[in-house]
Amino acid sequence: MRIHKPALLIACIITLLACNSKNSKLTITPSNEAEITTEAAPLSKAQILLDRVVKAHGGDLYNSAYYSFVFRGNTYHFKNDGPNYEYAKNTKDGNSVTKDLLVNGAFSRTLDGDPVTLSGKKLKSAAEALNSVIYFVTLPHKLQDAAVQKTYLGVTSIKGEHYAILGITFDREGGGEDFDDAYHYWIHTETNKIDYLAYNFNVDKGGVRFRSAYNRSVVDGITFQDYINYKAERDTPLLDLPLLYEAGELQELSKIETEHIRSLK
């Protein structure tokens, strides 16, 4: 049977539309699926809180920070270059100077410029001591490390001020020797700065500490602060410490004071 041109034209149009329809489905569906699967997951409350406190204390300035300071009579410096870092401690004894250096996890010691060989245990202890000083001085910068596990623990009040509580634990992999320690940080809801922190530890028979910040200063955009260090009974829950602090039931141990802070950039 002969098909007239109008009928043939209509048939072609229908066929073309059908093909275009199929092609549309083939091109649109994968694109939509890709958009759905690559959409970023919403940030947790803990991550949002940590981002705020890091920004309040110095933010991206930590990534290229280069400072020196004096702590308990020794001179320290820390130099950050993105993921790379260099920490140093100079100790004077008469006319001699011992320098401890920690560069991207590699530790070395010199005495008046000459290398000093340390046993495995002493080397590890010296490296951890240097790292610990810089860790606390630059809080909350290192809370962004991959091994850090963050938990939002709600809000509370201390001495009439409101605080959000950030809980910190560590993965065994990358969490250091004291990966099983736990920390709490009380972050002021208006300033987003750390006013109090507490932690428990298991070395040397273990213990619980609570720190209250004071003498806060900002040097070239980065916040530094000193702490009064308190002791609580072992196994005291960290969340109970603010009430014990307000009641005057914590024992003052020491003051953690950072002096002569200078930017070296």
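Please go through (1) modelled with pLDDT of 95 or more; (2) in a helix (DSSP H, G or I) for K150 and return the number of the only condition it doesn't satisfy.
(2)
Check E249 against each of (1) more than 19 Å from the chain's Cα centre (by Cα); (2) part of a strand (DSSP E or B); (3) not small (G, A, S) and name the one condition it does not meet.
Checking E249 against (1) more than 19 Å from the chain's Cα centre (by Cα); (2) part of a strand (DSSP E or B); (3) not small (G, A, S), the one that fails is (2).
So which residues in the range 89-101 are in a strand (DSSP E or B) and more than 13 Å from V137 (Cβ to Cβ), if there are any at all? Talk me through it step by step, then tell me what you get.
Of the residues in the range 89-101, the ones in a strand (DSSP E or B) are 89-93, 96-101.
N90, T91, K92, D93, S96, V97, T98, K99, D100, L101, listed by residue number.
From the list S108, S119, pick out the single residue that is hydroxyl-bearing (S, T, Y) and surrounded by fewer than 12 Cβ atoms within 10 Å (Cβ to Cβ). Outline the logic, then answer.
Details: S108 fails: surrounded by fewer than 12 Cβ atoms within 10 Å (Cβ to Cβ).
Of S108, S119, the one residue that is hydroxyl-bearing (S, T, Y) and surrounded by fewer than 12 Cβ atoms within 10 Å (Cβ to Cβ) is S119.
Inspect all residues belonging to the range 134-146 and state whether any of them is charged (D, E, K, R) and in a loop (DSSP other than H, G, I, E, B). Explain how you work it out, then say what you get.
First, the residues of the range 134-146 that are charged (D, E, K, R): 142, 145.
Of the ones still in play, those that are also in a loop (DSSP other than H, G, I, E, B) are 145.
The answer is yes; a qualifying residue exists.
Among the candidates A65, A46, A106, which residue alone is at negative phi and in contact with a His (Cβ under 9 Å, 6 or more places away or on another chain)?
Numbers: A46 fails: in contact with a His (Cβ under 9 Å, 6 or more places away or on another chain); A106 fails: in contact with a His (Cβ under 9 Å, 6 or more places away or on another chain).
One residue alone meets the criteria, A65.
Looking for whichever is surrounded by 14 or more Cβ atoms within 10 Å (Cβ to Cβ) and more than 15 Å from the chain's Cα centre (by Cα) here; the options are V219, V203. Which one fits?
On the way: V203 fails: surrounded by 14 or more Cβ atoms within 10 Å (Cβ to Cβ).
None of the other options fit; the residue is V219.
The values are calculated or read from the model by the stated rules, or taken from the named source; none is laboratory data. These numbers were taken from a predicted model, which means no experiment stands behind them. A quick note on method: Cβ atoms are made from the backbone with ideal geometry, for glycine too, and the neighbour counts reach across all protein chains shown.
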